[in-house]
Structure formats: structure tokens, C-alpha cells
Number of protein chains: 2
Amino acid sequence: MMNRHVRLARRPIGKLRSADLELVETPIPDPGPGEVLIRNTWLSIDPSIRIRLADTTPNGYLPPLQPGDELSGLALGTVVASRSPEFAIGDLVSHTLGYREYAIVGTQAQTIGGYGAPARIDAGQLPIQWFLGPLGSAGLTAYVGLFEILELTTTDVLWVSSAAGAVGALAAQLAKLRGTTVLGSVGSPEKVAYLRDELGIPAFDYHDGPLPKSLAALAPRGIDAYFDNVGGDHLTAALDALRPSGRIALCGAIAGYDDSAVPGPPNLFTMVSKGLRMRGFRAGSFTHLEDSMRREVSGYLADGRLIHRESVFDGIESAIAALLAMLSGATVGKTLCRLDT
Amino acid sequence: MMNRHVRLARRPIGKLRSADLELVETPIPDPGPGEVLIRNTWLSIDPSIRIRLADTTPNGYLPPLQPGDELSGLALGTVVASRSPEFAIGDLVSHTLGYREYAIVGTQAQTIGGYGAPARIDAGQLPIQWFLGPLGSAGLTAYVGLFEILELTTTDVLWVSSAAGAVGALAAQLAKLRGTTVLGSVGSPEKVAYLRDELGIPAFDYHDGPLPKSLAALAPRGIDAYFDNVGGDHLTAALDALRPSGRIALCGAIAGYDDSAVPGPPNLFTMVSKGLRMRGFRAGSFTHLEDSMRREVSGYLADGRLIHRESVFDGIESAIAALLAMLSGATVGKTLCRLDT
């Protein structure tokens, strides 16, 4: 039996292109002692993998992939062979060896964004792929960013960037459901309409003019908190728009993923003049909050107060296209690759 | 009677030069209702005034001075005429209208760095000028930065930049007295010797090679906390040297004061990968901690465990030279201008 998987063909320069990645086929190995063989059913397509395609990665991050290396990422699958006492054939698990049809996973699996060893999933009646989205890493990222990092209150005005994305759309809605005033920024008129008409969240397209002007139109008295998925000029604009004692949660910086030479905000000193706080985080450091996140989010999903949208690509042969589409802003909500059809 | 004071002669370009400022003489006005006339005895010479000499100031900061405007800054003086029921002739007060021999101060005085209306000082047997230094704004800045912003513990390794300066030397010593491992960076071999031999704090001269290398020599396993008085390349080096969950207190950014176009750190994303926290502050927002700071610091000063050094310039005619010397790194400890001789 053969396994198809995505690997880095050559180091991308600037915007990631299709030819930078390749789909290859190799025999499926047998699991060794303590390992399981997983048939992947859902792959999470996240912007963060772009970071590891550059020739250097930020201090503290996973090392860069080398040409020929397999891509990895969060995934769901079914155990089809097990040499581990912890997992039986048929178990549904989440793990970190995505971008492939079959994965050999040990209990000491590689850590991605703080997530490590495979974990059994009890999905009940819920769509299993939600455990990569609102009930998984995306949900925990939004939840932690809002309530642990920003310590959001009902009197805050919050700006969420990339607000139609997997994390952004959850963050914007969760904040609103908790009573906070929220505005979002997105990259297309369609996404503005989605935010405004479907999620009930005022939003602007960042292409539509200078960010300070767009922000001022929706938050004339400034903002108290910023959930950053973008970095670059968005972070600069947030520093200027924040009121004294404002807070920033640094979650991602997609603006810089194609170009590691993006300078930091030139106005960082406003943090001194306004007494601002900024904190970076990864959901994987807060897995102890996963249960409370799942209780709250699944309640909202069940009664329809939280809208979750997916952009689903079918088959491992579409995984590269899915990644390119997501990075270029062409997808809405959680981007997934489905392998079980 | 005439009053000599320092004003902005022309907008500085790059490094501040003597001819950018001028000493002028005007008649001393009479205090109006609610105002007092203060004869200044000590002027605090602080780097932050440089920020207001540029043509724009950071969002949230005081507006820029215009050519012809008087400089201001923290000062101590004696009330020599009063039309306020709150102050009597002979009262010793701190206020924010420095850079001049006589000041007319209302109870609604201009706020400098969070400090506002004049405050009566009870110096007892202590040197009065300590209330501009270790028992005043410099002491509170060090204290707040260490214990409120960085939440320093005894297991931390702390880097203090500009560690021979008014705030830095206090911060480095206070941290050490509380049991934290401290290292400092300074701008000359003499200052390295001062830190090492007189304060007992390992230090390096930032001119002596790449910052990451100098830091690694004194903190081979990285740092947990960074007290930033410099910004620029120092902040970039700190982001790389910080261990996971590390903290940064942004206090000042003297590297950028001569050139407002200094970009932010290009490696800000390490805050995400390492879960770092950064917080800007000004002591003036924490005056409720002044009493506890004074209790602790005056104890250390009394028993000789805290060494306080001053660079004193005499007479208002030396105020411009004092500011230039301090900004160029030629002074050690607290820079003061003494007017009572």
C-alpha cells in the first residue's frame, strides 16, 4: 500500500507557489514498538506552516523544513494498526502529522504549536472536523487569546484582524457573545458582508484605505484590545488606536510569513506613553483550558449562536491548493482537507 | 527680578546640539490666584525631554515643543510667594516646571510623565535631591518596572540596559537586593567597571561586539526578564535571548530619541513562539506605590546597601550642557542641575 504526502520541493521566495511543494508517493511503513498507523481523515490547513518553509524560523519556533522534508500539521484520523497499548484499531485521534494520507505516530510525536502526542477524540454526535476547528486548536486559540491574554471585559472595544479566518471568526463571535463590542478587519468585500450580515459584526476591508481611517470609522473613540492575526501595518495601527492601558494579543503575523524581513512597528514607544501590554501566545501552552473552551463553544454551536464556516478541499491531491488558497485569503473560516471520501 | 530659562531655539535634526537650545532671560511674573512662585533648587535632567523636541511625539505622549517654547521637567524648589491656601512660603515642593530658575505653578500644573500638580516634600535629614532620584521619579520607575511590570522573582535572570543611568543603576541594584540574578549593559568601559566593581553587577559595554554574543557571555542560558531603557537593537537582542514566558518592561527607548524613524524589532514574532509578555509604563501612573518604594529604598540607602551616584552640573547656565552630556552617555547615575549655590 502506498502513502501520498506533501513535501517541500524548494525553498519559496516571497509568496508561496505551487511548484514550491510536491505531492509524492511512498510505501506505508509498518508501525514500530509504541507506534500506531493512522489513516488521516481530516487535515487542518493553517497559515503557521508557512513559517517553517522559510530558511530561518523565529527564535523559539520549530526549525525550518529542508527541501525534501514532509510538511506537518494538525490532523484527525483513525488508528488502523497499533503497537501501542494506549491505542486500539478504530480509535479516532488528533495528532500533528498532517499533509499525508497515512501517518506513523509515536507517543513521543513531534510537537506542533504546543500540541504533541496523539489524543483520542470522543466526538459523540458532533462533526469530527470541528475538533480541528471551533472545538480544537482554532477554538482554543480564540478562547485563550480573548480570555487569558486580553482578559476581555464587557466594557472593552475589541479589534480582531483576519476576522473571517478560522481563529478570527471564532474570536470575534466569542467576544461578542460575552458582551464585548467587536469590530473586524478582513481582506475582501465578500468577507466584510459575511462578518456584517451573517455574524453581525461590523467590519472593514483593509484594502479600502488607510487603516487608521478605517478603524476610526468603526471605533471613533479608539480600541481597548487587539487580537492580532496579521502583524505588520495592522499592529502599527492598533498601537496608535489603543487607548491607555490597552492590550494586544499576538496570535499570528501572516503579513510577515512570506517575507521574514518585515520590520517591527515603528511606534512601539506608544506602549510606554499609553501603558500598553502585549503578549504572544500559542494555544498549545493552554491545553488545560480545552475542556472549559469546549463546554462554552459547543453550547454556542448547539443553539446556533456561533456560526462556523468551513472551506473544504477534497483529497490529498488538493492539499497544496488548499494551503495556497488559504494563505492568499481566498478561503473563509476554517480551511480543511478531507481525505475520507 | 529676572528669570533665566531654557527654551527650544530650533528643531534638532538627528543628535541634539547645543545651538538647538537657548538660555533666555525674562522678568519673573507674579503668581495669579491659586498659583505659587517657586525658586528652583534642583533640576532633573532626564532623557525623555528629547522626545518632545522632535516634530511629532508618539501617540498618547505630550505634544512636541515648538521653537520658542520653554523646556519642562521634574524639579525641586522652595515656595517664595504663594496665592494658594495649600502652600506657604518656605515650603519645599517637587513639580514639573524645571529648566528654569523660577516657576509659576498652579495646582492644575502640566503633567509630565504622569506627574502633575506640585507636591510638598518632607526630606527630613535626607539630601533633598534624592527626591528627584532614588526616592523620586527614578526610584519609582525602577521599582514599578521590576515589581509591578516584570513581577520579578528570585529565580529570574534579569538584563537591565543603560544600567549606569539614573533608573538603570537603581533597577539593577534593587533587583539584586531582592535576590534576582542581574546583568547590565552600558556604553563605556568606565561604566562597566562602575557596575562590576562598585555595584557588584556583571556588565558589558554594548560597543564591544554583537549584543547576542555579549549577552550570552554573561547569561549563557538566556534571560527571563528585560528592563528596557534603550529600545532598538537592545530590544531585538532581548527578544532573542528571552526564555519561554519571559517578560519585558518598556521604560524608555533612548536609541530612538534622536531619530524617530527607528523601526521596531524585526523579531517580534518570537513573542508568539515563546509566549513572551511586554508592557510599557510610566512611573507617574503608579504614584500610589511611592510610599512603599520610599520605605524600601530609603532603608537600603541608609545602611549603604544601595549606592547612588549623581552627576551634578551647577547653575542654570549649565542646564543645556547637562542635558547634552546625559543624552550622549557622558554622565553616570542621576544627572542633576543644582541652582541653589
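The values are calculated or read from the model by the stated rules, or taken from the named source; none is laboratory data. Values in this document were obtained by computation on a predicted structure and should not be read as measured data. Reconstructed Cβ throughout: ideal geometry from the backbone, glycine too, with neighbour counts over all protein chains shown. For accessibility, only protein heavy atoms count, side chains too; no ligands or nucleic acids. Shrake-Rupley method; radii C 1.70, N 1.55, O 1.52, S 1.80 Å.
With Cα atoms defining each centre, the stretch B:176-203 and the stretch B:14-81 are spaced 32 Å apart in the structure. Taking the axis that rotates chain B onto chain A, the chain B residue nearest to it by Cβ, with the distance rounded to whole Å, is B:264, 1.
Residue B:154 label point (Cα plus 7 Å toward Cβ) to equivalent points in the other copies: 4.4 nm, shortest first. Relative to its Kirkwood radius, the Cα radius of gyration of the stretch A:230-301 gives an Rg/Rh of 1.09. The orientation-averaged projected area of the convex hull spanned by the Cα atoms of the stretch A:137-284 comes to 8.2 nm². Distances between every pair of Cα atoms in the stretch A:25-128, grouped in 10 Å steps from 0 to the bin holding the largest one, split as 15, 45, 30, 9, 0 percent. Beta bridges per DSSP, both residues in chain A: antiparallel share near 55 percent. Restricting attention to the protein assembly as shown, close to 55% of DSSP beta bridges with both partner residues there are antiparallel. In nanometers and ordered shortest first, the copy-to-copy spacing of the residue B:86 label point, defined 7 Å from Cα toward Cβ, is 6.5.
Here chain B exposes an accessible surface that is 51 percent carbon and sulfur, computed with a 1.4 Å probe and the other protein chains kept in place. Chain A and chain B together bury an accessible surface of about 2500 square angstrom, both sides counted, with a 1.4 Å probe and no ligands or nucleic acids included. Per residue of chain A, the DSSP helices (runs of n ≥ 4 H) give a summed -39500 (n - 2.57) that works out to -5500 deg cm²/dmol at 222 nm.
Here the 3J(HN,Hα) profile of the stretch A:149-162, calculated from phi with Karplus coefficients 6.51, -1.76 and 1.60 at θ = phi - 60°, is 7, 7, 6, 4, 10, 6, 8, 6, 10, 10, 10, 10, 8, 6 Hz, Gly and Pro shown as x. Cβ-Cβ distance of residue A:193 and residue A:321, R₀ of 25 Å, FRET efficiency by 1/(1 + (r/R0)^6): the value works out to about 0.55.
Heavy-atom accessible area, probed at 1.4 angstrom with all protein chains present, ranks B:218, B:276 as B:218, B:276, highest first.
For the protein assembly as shown, the alpha carbon convex hull comes to 170 Å³ per residue, rounded to a whole number.
Close amide H contacts of residue A:309 (hydrogens built in the peptide plane, cut-off under 5 Å, sequence separation of 5 or more or a different chain): A:334.
Over the stretch A:130-222, give the accessible area per residue in Å² for a 1.4 Å probe, as an integer. Mind showing how you got there, number by number?
Working: 3350 Å² over 93 residues.
Averaged over the residues of the stretch A:130-222, the accessible area is 36 Å².
Assuming R0 = 30 Å, can you tell me the calculated FRET efficiency for the pair residue A:1 and residue A:66, based on Cβ-Cβ distance, to the nearest 0.05?
Values: r = 27 Å, r/R0 = 0.89.
Result of the calculation: an efficiency of 0.65.
Across the stretch B:43-49, computed HN-Hα scalar couplings (Karplus, 6.51 cos²θ - 1.76 cosθ + 1.60, θ = phi - 60°) run 10, 8, 9, 10, x, 5, 4 Hz from first to last residue, x flagging Gly and Pro.
For the stretch A:271-304, no residue has its backbone nitrogen under 17 Å from a point 7 Å from the Cα of residue A:221, taken along Cα to Cβ.
In this view, the solvent-accessible surface of residue A:317, computed with a 1.4 Å probe and all protein chains in place, comes to about 110 Å².
On the basis of the beta-carbon distance and an R0 of 30 Å, residue B:340 and residue B:208 show a calculated FRET efficiency of 0.15. Debye-formula intensities of chain A, expressed as log10 I(q)/I(0) at q = 0.06, 0.13, 0.15 Å⁻¹, are -0.21, -0.98, -1.28 (one equal scatterer per alpha-carbon, no solvent). Charged side chains reduced to their Cβ positions (Lys and Arg at +1, Asp and Glu at -1) give the protein assembly as shown a dipole of some 100 debye around its Cα centre. For the residues of B:246-256, the average number of beta carbons from a partner chain within 10 Å of their own beta carbon is 2. Karplus-based coupling profile of the stretch A:185-200, in residue order and whole Hz: 10, 9, x, 7, x, 4, 6, 4, 5, 4, 4, 5, 8, 9, 9, x, with θ = phi - 60° in 6.51 cos²θ - 1.76 cosθ + 1.60 and x standing for Gly or Pro. Per the Kirkwood formula applied to alpha carbons, the stretch A:222-341 shows a radius of gyration over Rh ratio, Rg over Rh, of 1.05.
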